[in-house]
Amino acid sequence: DLKSSLLRIVSHFRSSDLWQRYCKAEKIEREVPFLLDIGPALVRGVVDAVVDDRIIVDYKTGKAGSPLEAHYITQLRLYAAAFFNLKGKMPEQGILWYADYGQSSTIEFSAEDICDTLLLAAQSCSPE
């Protein structure tokens, strides 16, 4: 039932490394809106959470390692680019938190990966 599912999700989260990071954080920003200019298009979105201006967290359903994870990583890199535009500094990590199963995937951000992602996004938005 719904109540037991929600209790399980809360239990997973409170026993996770991510919860420990949240507890030790000086600042957690939630639902951070952004607008990112990628040339031929504007990308508007909302980042689920930013921890201490260093870690971007995106909450997901499902399991870690799904076929969609590559898309989610691209999404995190776009969030990192937007964060850089907003704050003037590069976040260190992105975390995909899979709430249903209490799993996470962590990626390290690099300027090269983010530039490649922005280029790919701009190319995919350009008229043929």
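The values are calculated or read from the model by the stated rules, or taken from the named source; none is laboratory data. Predicted model only: the values in this text are computed from it and were never measured. Cβ coordinates were reconstructed from backbone atoms using ideal geometry, including for glycine residues, and neighbour counts include every protein chain displayed. When the accessible area is computed, the model is the full protein with side chains, heavy atoms only, and any ligands, DNA or RNA have been set aside. Shrake-Rupley method; radii C 1.70, N 1.55, O 1.52, S 1.80 Å.
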Checklist entry - Got at least one residue in region 53-60 being of a type in the set (D, E, K, R), out of contact with any strand residue (DSSP E or B) (no Cβ under 7 Å at 6 or more places or on another chain) and open to solvent by less than 90 Å² (accessible area, probe 1.4 Å)? => result yes
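Of all residues in region 1-38 being part of a helix (DSSP H, G or I) and of a type in the set (Val, Ile, Thr), which is least open to solvent (accessible area, probe 1.4 Å)?
The first filter runs over region 1-38 and keeps only residues part of a helix (DSSP H, G or I), leaving 2-14, 17-24.
Checking which are of a type in the set (Val, Ile, Thr) leaves us with 9-10.
Working: Ile9: 43, Val10: 75 Å².
Only one residue fits best here, namely Ile9.
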Item to check | Number of the exception - Phe83 against (1) modelled with pLDDT of 90 or more; (2) touching a helix residue (DSSP H, G or I) at 6+ places or on another chain (Cβ under 9 Å); (3) buried (at least 16 other Cβ atoms within 10 Å of the Cβ); (4) of a type outside the set (A, V, I, L, M) | outcome: (2)
Checklist entry - Only one of these conditions is not met by Gly88: (1) open to solvent by 20 Å² or more (accessible area, probe 1.4 Å); (2) of a type in the set (Gly, Ala, Ser); (3) under 17 Å from Ala122 (Cα atoms). Which number is it? => result (3)
Checklist entry - In region 85-101, what residues are under 24 Å from Ala64 (Cα atoms) and within 16 Å of the chain's Cα centre (by Cα)? => result Pro91, Glu92, Gln93, Gly94, Ile95, Leu96, Trp97, Tyr98, Ala99
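Within region 18-31, work out how many residues are touching a strand residue (DSSP E or B) at 6+ places or on another chain (Cβ under 8 Å) and farther than 23 Å from Val46 by Cα. Spell out how you get there, then give the answer.
First, the residues of region 18-31 that are touching a strand residue (DSSP E or B) at 6+ places or on another chain (Cβ under 8 Å): 18, 21-22, 25, 27-31.
Now narrow it down to the ones that are farther than 23 Å from Val46 by Cα: none.
So the answer is 0.
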Next on the checklist: I'm told Phe34 meets every condition in (1) without any contact (Cβ under 8 Å) to a residue 24 or more places away in the chain; (2) over 20 Å from Asp100 (Cβ atoms); (3) among the aromatic types (Phe, Trp, Tyr) except one. Can you identify the failing condition by its number?
Outcome noted: (1)
